[in-house]
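As structure tokens, the structure follows; a few thoughts come after it.
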Amino acid sequence: MGESTIPHFQHLMAKILLFLLTLLEILLCGQSKFMVYNTSQGIVPDKLNVHLVAHTHDDVGWLKTVDQYYVGSNNSIQGACVQNVLDSMVHALLADKNRKFIYVEMAFFKRWWRDQSEAVQDVVKKLVSSGQLEFINGAMSMHDEAVTHYIDMIDQTALGHQFLKEEFGVTPRIGWQIDPFGHSAVQAYLLGAEVGFDSLFFGRIDYQDRANRKKEKSLEVIWQGSKSLGSSAQIFAGAFPENYEPPAGFYFEVNDNSPIVQDNMELFDYNVQERVNDFVAAALSQANITRTNHIMWTMGTDFKYQYAHTWFRQLDKLIHYVNKDGRVNALYSTPSIYTDAKFATNEYWPIKTDDFFPYADRANGYWTGYFTSRPAIKRYVRLMRPNTDSLADALAIAQHHDAVTGTEKQHVANDYSKRLAIGYKEAEELVSSSLACLVESPLRSRCQNPVTKFQQCPLLNISYCPASEVDLVPGKNLVIVVYNSLGWWRNEVIRFPVTEANVRVQDSNGSEIESQLLPLAEKYLDLRNYYAKAYMGQAPLKTPKYWLAFTVSVPPLGFSTYTVSTAKTTGSTRSSVATYKSSEKSKFEVGQGNLKLTFSTDQEKCTNYVNIRNLVEEQVKLSYLYYSGYNGTNQKDPQNSGAYVFRPNGTFPINHEKKALLSVLNGPVLDEVHQQINPWIYQVGPIPIEDGTGKEVATQISTTMESNKTFYTDSNGRDFIKRIRDYRTDWDLEVNQPAAGNYYPIYWRIQLTRWTNRADGPQEGLLSGGYAMVINFFSQEDEPNLILLINRRLLLDDSKGVAEALNETDCVGGDCRGLTNVLAIDVWDLPIAVRKGVRGCTQKPRYPLSHFVSHDKLSRSHQSFLDHLNTVTVPKAMDEALNSNNRKNAMKVEMIDREKNKTWELVDLSKGKNLVGCRRVFTLKSKADGTLERYKARKI
């Protein structure tokens, strides 16, 4: 050590000595100012208990993409990083064993979980086991409830629950749909009670409904979502008093402006008593609109807890000082603890039926526009099924309430579509190789590298299918494989573009089947070429001339194969084409089966609808209109029409152009009617905006039937919900928006029925249709009109957070156009195209089952079983059954069992009541070897 270092060393030793002396003084004489907060308080029976639920709501894409939200990039749009939320949450929970936190979106948590070390994963598992961290809802995303299908809702929920079961051995107890824009009956019973949830909580209900429920203390109810399932489908459900955020003044993110609890008396701004008073006042205010002595505070909102200590530090202080004050009791809690506390009170709860649609947050703010926003991505999602992990993840994320709804920024919508496209491509390759293996090698072990390459046609909606647009020469055939994913036989008409006219279609037995050629409309060709170039990078090399249509028959969970080849003489039947001018007086009829339509060309809109099976005949008018989007920028109520909100500023009919032609295509497979309304309604779009006005285009169906303002719409493709114009079952509706306030979501079907004065209500269904996004029902000159919104193109933002106008465009070079909807409407959806009924000459099966089913590969026992089944006949009528002693004995046994079990009792028929008929169903029970075990009979 040199001499020059000695002074430095002495100085260092002096500092150390001073530190030790200071520490000794503190230990002997001083007093530490470190504060320990008591956060261990549980429920106190005789006090108002404030359950503080620490949570974050992390949108799986909205203003940023799901990946950008996760890693925290693109913060110029929104400062949000889910990684920070989850990282800091773990450290904050470890600091105090009484702290609790809930997490919801598994799409984010799975990403984060896979990034963690085993040590961190072990820590998190202990937090879950102790109850400090609880998974609520547990789905991949918080799905929308208006435009989603119940199968997609189940799939994405099951995917998240499967992850939680595998990694943590837990299943969520609570439903947590706090941000979707309205709530469906299917969510309540199928994704609530049937999933096994103990309760369901949500944030958004109509502002009038919320005000009424506050008065009646009915924000929390027993929700019975299904009439058919009754009490078995009910669940305890609660709407929050003011959305899913904390009470005003209790936001504690780093950059929030709520006053913190400043409890250091040596510093300025000491405010403990002031903050306690604020807490108690807010708690008592909520208690006045809530039943029992338990209320929940949702302490968090979108992407909060990025630095979790800022929240938990203030919550620790609030719990400590509020409980010292003693007027109310505050505790760390979760929705599970809160639900158990509610159940323990044995309180009576009001019953809620049907759903919470439509949703409005103010007089002119009906969130019914999103039912139709971005119809292209809605269709894309509906076409997909989760065949692979990649596609399952993409579909799960796309169910999010700011994805399939169309309420995201454009670059986020592009990201959803990209993920779906990647998943679809992977699934396409898997399906192709699987089908090739089935075709080439029945034995799995022999299928290594199949030679056959199957292709799909994802762009059929723009009349583009390269796989079918090939030149067919002798010896070169086109093989069509049709797969049925459902559990029953399906007979459907399929169609695809072809370049040849002389073609024929054969089934797998080599028998020629009936097929039809329909000319490809000239109007579609520009659309096809433009979008094919936009999506594929180059224009199509060929131009097909026809659609080839034929009926396929596909077994359940199986596939059928058809071959298209050149025909030397006869082949597919060309459609007869008749063209009419709007000015000429002509009538024509389409349809051969139960459903017939008669058109009158001079009346433009009128169609005579006849359903022989239901004995319904009605005049139906089909027309088009558009709503202009409301511009509230300089108004007292500055609410625009946008991605979320539908606020029309007038209704404008779209008149037929006098020179427009109407074409009728007739053939043996199907009939079609093609009509051009104006230059941009043949397919809908691009919607013109050159006049500076956003437009929302709709089709209107008018009838003369009396429906008593009543109609029915499906709930997520499942149950039907009764709707009445300008009416709500739960409160007296104040009508502010007669159009927007009567719009409802449709996934599958709407039904309009004839109303009679009979006690059993509506009779004779007229229209059954679906694949529409929205329905409005109102009366004009005593005519009931069904208005289905088709597409929206708007120029203003509706100030709900997206900060973009809903103006979708595609560009090819310098040619940018608004997106187009192609109207290919099926007869089962709307009465435009009519499928053929079965002709008398084809009642005899053309393709007997024996030609396609073989017993060769079945074991002897199974062959014996099937052979025995074929020898037994089951009676279809009572007189047949009475000829068999065995059947009569089976009926006697059933009657004895019913009397023994007191299933029924004999009573006198009440006056004015009619008997409900019943019938017998006969069957038999066989043993495994096919021999008869016993005869069975049942009365239904």
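The values are calculated or read from the model by the stated rules, or taken from the named source; none is laboratory data. Because the structure is predicted, anything quoted here is derived from the model rather than measured. Neighbour counts run over all protein chains shown; Cβ positions are idealised from the backbone, glycine included. Just so you know, the surface numbers come from the protein's heavy atoms only, side chains and all, with ligands and any DNA or RNA stripped out. Shrake-Rupley method; radii C 1.70, N 1.55, O 1.52, S 1.80 Å.
Enter the accessible area per residue of the stretch 674-723 (Å², integer; probe 1.4 Å; all protein chains in place).
35 Å²
Computed over the Cα atoms of the stretch 444-505, the ratio of the radius of gyration to the Kirkwood radius (Rg/Rh) comes to 1.01.
For the stretch 628-645, putting each phi into the Karplus relation 6.51 cos²θ - 1.76 cosθ + 1.60 with θ = phi - 60° gives couplings of 7, x, 6, 10, x, 4, 9, 9, 5, 10, x, 9, 8, 7, x, 4, 8, 8 Hz, in residue order, rounded to whole numbers and with x for Gly and Pro.
Using alpha carbons only, the radius of gyration of the stretch 322-466 set against its Kirkwood radius gives Rg/Rh = 1.21. Diffusion coefficient (Stokes-Einstein, Kirkwood radius over C-alpha pairs, 25 °C, 0.890 mPa s) for the stretch 68-159: 167 µm²/s, rounded to a whole number. Backbone amide hydrogens, once placed in the peptide plane, bring A139 within less than 5 Å of M106, excluding anything fewer than 5 places away on its chain. With Cα atoms defining each centre, the stretch 33-87 and the stretch 665-711 are spaced 47 Å apart in the structure.
The residues V921, V893, sorted by heavy-atom accessible surface at 1.4 Å with ligands and nucleic acids left out, run V893, V921 from largest to smallest.
Peptides 128-134, 336-342, 371-377 ranked from most to least packed, by the mean per-residue count of other Cβ atoms within 10 Å: 371-377, 336-342, 128-134. For the stretch 218-357, a crude dipole built from +1 on the beta carbon of Lys and Arg and -1 on the beta carbon of Asp and Glu, taken about the Cα centre, is about 460 debye to the nearest 20. Shown for the stretch 443-522: the carbon plus sulfur share of the solvent-accessible area, taken with all protein chains present and a 1.4 angstrom probe, equals 48%.
Solvent-accessible surface of the stretch 85-182, averaged per residue with a 1.4 angstrom probe and all protein chains in place: 33 square angstrom. Summary value for the stretch 138-252: 24 percent relative contact order, contacts being C-alpha pairs under 8 angstrom separated by 6+ residues.
Can you divide the C-alpha Rg of the stretch 124-270 by 2.2 N^0.38 Å and report the result to two decimal places?
Dividing the Cα Rg of the stretch 124-270 by 2.2 N^0.38 Å gives 1.28.
For the stretch 468-552, the solvent-accessible area works out to 51 Å² per residue, with a probe of 1.4 Å and every protein chain left in place. Remark: relative contact order (the stretch 208-306) = 31 percent; criterion is Cα-Cα distance under 8 angstrom and separation of 6 or more residues. Think of the stretch 629-679 as having a plus end and a minus end, set by charges on the Cβ of Lys, Arg, Asp and Glu; of L665, S641, P653, S641 sits farthest toward the positive end of this dipole.
Where a ≥ b ≥ c are the square roots of the eigenvalues of the C-alpha gyration tensor, would you call the stretch 336-402 rounded, which needs a/c under 1.5, or, failing that, prolate if a/b is larger than b/c, or oblate? Can you show the working numbers first?
On the way: a/c = 3.30, a/b = 1.48, b/c = 2.23.
Verdict is oblate for the stretch 336-402.
Peptides 467-474, 62-69: what's the order by average Cβ count within 10 Å, highest mean first? List each step's numbers first, then the result.
Numbers: 467-474: 14.6, 62-69: 22.6.
The packing order, highest mean first, is 62-69, 467-474.
With θ taken as phi - 60° and the Karplus curve 6.51 cos²θ - 1.76 cosθ + 1.60 applied, the whole-hertz 3J(HN,Hα) list for the stretch 450-459 is x, 8, 5, 10, 8, 10, 10, 10, x, 10 Hz, x standing for glycine and proline. Let me know the shape class of the stretch 693-752, please: from the alpha-carbon gyration tensor, a ≥ b ≥ c as square roots of the eigenvalues, rounded when a/c is under 1.5, otherwise prolate if a/b is greater than b/c, or oblate. Judged from the Cα gyration tensor, the stretch 693-752 comes out rounded (a/c under 1.5).
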